[in-house]
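The values are calculated or read from the model by the stated rules, or taken from the named source; none is laboratory data. What you see is a predicted model, and the numbers here were worked out from it, not measured in a lab. Methodologically, a virtual Cβ is constructed for each residue, glycine included, from the backbone with ideal geometry; neighbour enumeration extends over all protein chains shown. Heads up: the accessible areas ignore ligands, DNA and RNA and are worked out on the full protein's heavy atoms, side chains in. Shrake-Rupley method; radii C 1.70, N 1.55, O 1.52, S 1.80 Å.
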Amino acid sequence: MRAVLALLLMPALLVGISCLSPKPPPPTSDLAITVPWPDQEQSHYVLLDRKSNEQMGEGTLSVTKQDGQYEMRQTFVGSEKHPGTDISTVDVDAETLKPISFHRKQDLPNQTQEVKGDYDYIKGIANITEVTGGKDRPVPLRLPNNYYDNDTAVFLWRTIPFVEGYTTAYRTVLTGSASQAVVQLKVLGKEEVTVPAGTYQAWKLEIRSSGVKQFAWFADTPQRPLVQYNNSFQLFQLTGQP
């Protein structure tokens, strides 16, 4: 499916899943997490075509804490030329950020995709349900070690130690395709980035997965908001925070 909205960003990590990696992936571990955001936060973004700089849509990332969980929600709406919506919600444990339940629905011209379900820690299974034509189809997925939900990626990346040269790797669960992949992260250093919301000193993060390389920039502030994200197809830029 053509990447129309920004939520195919993390899923742009999906693009390389069918490719053969030149070497075996590195060992994985749970992330060294320090949550930097407040109990409630909302950030707004514009989605640009990486080559033409044409606006393809707008998006909102939000985090809300309640009863020991965070709801991580992403809402993207396409432009008139690139219509569609892509909305995902993942509930995670507030301390570990391990996923508990999820729901994602993409409404694109002549195409709708929807998945929902939860994570069974005892059985080690993600109970994925594909919704097609009003009918539910279960697609259980065996969970790997050191896993997180792929639709929480841009939140997860904010929590790692931002020290130049720091590296780590974990496994991401792609509920939309009932698959998993290894994600490698490397903190490259700081650089100045200008986006619609302003100019920031930001940490540049390299993200690799299954032969695909992407970059994200996080402001060098205690909250570490995502300032810019280059997913190889689109450029995702911060326009403001309330």
- Query: How many of the residues in the stretch 82-112 are assigned to a strand (DSSP E or B), more than 19 Å from Y70 (Cα to Cα) and either open to solvent by 60 Å² or more (accessible area, probe 1.4 Å) or touching a residue at least 24 places away in the same chain (Cβ under 8 Å) (or both)?
  - Reply: 7
- If you check E206 against the conditions, is it surrounded by fewer than 14 Cβ atoms within 10 Å (Cβ to Cβ), free of Cβ contacts under 8 Å to residues at least 40 places away in the same chain and not β-branched (V, I, T)? no
- Restricting the search to the stretch 51-67, which residues are crowded, with 20+ Cβ neighbours inside 10 Å and more than 16 Å from the chain's Cα centre (by Cα)? M56, G57
- Kindly provide the set of residues from the stretch 219-237 that are under 20 Å from V163 (Cβ atoms) and in a loop (DSSP other than H, G, I, E, B), ordered by number. D220, T221, P222, Q223, R224, P225
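To keep it simple, each residue is scored yes or no on (1) at pLDDT 95 or above; (2) at positive phi; (3) part of a strand (DSSP E or B).
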{"site": "I17", "(1), (2), (3)": "no, no, no"}
{"site": "T28", "(1), (2), (3)": "yes, no, no"}
{"site": "A32", "(1), (2), (3)": "yes, no, no"}
{"site": "V35", "(1), (2), (3)": "yes, no, no"}
{"site": "Y45", "(1), (2), (3)": "yes, no, yes"}
{"site": "E58", "(1), (2), (3)": "yes, no, yes"}
{"site": "L61", "(1), (2), (3)": "yes, no, yes"}
{"site": "Q74", "(1), (2), (3)": "yes, no, yes"}
{"site": "E80", "(1), (2), (3)": "no, no, no"}
- Item | The listed residue being out of contact with any His (no Cβ under 8 Å at 6 or more places or on another chain) and within 21 Å of N231 (Cα to Cα), out of V173, V163 | V173
